[in-house]
Amino acid sequence: MPEFCAAYGCNNQRSLQTRSRGITFHKFPTNESLRRQWEVALRREGFTATKHTKLCSEHFKPYHFDRTGQIVRLRDGAIPSLFNFPSHLQRPVATRTTKVARKAEVDLSQHLPEAEPQPNA
Ligand SMILES: [Zn+2]
């Protein structure tokens, strides 16, 4: 049975070609709430994962993987976050934590060394 990646705009399927590129395929989590977070992350309307649904490793950050064993595993609690969405889908997920994290990133990138506040003597 061929294994395709369920991500939007991703055509990866398990083959010698993807394997040679180091792409691995991962089932959706069995944990209900975690699986829901994956489904939300995919942003596919009306999408529900089945036990056959897979995502490829291109949608996870490197630290999400446990490469210590024979097979590459996803770490517990890993949530896919790297997708090629069309522009109308590219908006941040409206959760408080995401917004705070994004703001922190922006603040860091805008930080100018010469604008450092004077230390309070
Ligand atoms: Zn994929």
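Some notes on this structure:
- Among residues of the stretch 42-87 being of a type in the set (Asp, Glu) and farther than 11 Å from His26 by Cα, the one that is surrounded by the fewest Cβ atoms within 10 Å (Cβ to Cβ) is Glu45.
Each row is one residue, and each column tells you yes or no for (1) within 16 Å of the ligand (Cβ to nearest atom); (2) within 19 Å of Arg73 (Cα to Cα); (3) open to solvent by less than 100 Å² (accessible area, probe 1.4 Å); (4) at pLDDT below 95.
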site: Phe4; (1), (2), (3), (4): yes, yes, no, yes
site: Tyr8; (1), (2), (3), (4): yes, no, yes, yes
site: Asn12; (1), (2), (3), (4): yes, yes, yes, no
site: Thr30; (1), (2), (3), (4): no, yes, no, yes
site: Val40; (1), (2), (3), (4): no, no, yes, yes
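The values are calculated or read from the model by the stated rules, or taken from the named source; none is laboratory data. Please read these numbers as outputs of a predicted model, since none were measured by experiment. With ideal geometry, Cβ positions are generated from the backbone for all residues, glycine too; neighbour counts draw on all protein chains shown. Just the protein is used for accessible areas: all its heavy atoms, side chains included, with ligands, DNA and RNA removed. Shrake-Rupley method; radii C 1.70, N 1.55, O 1.52, S 1.80 Å.
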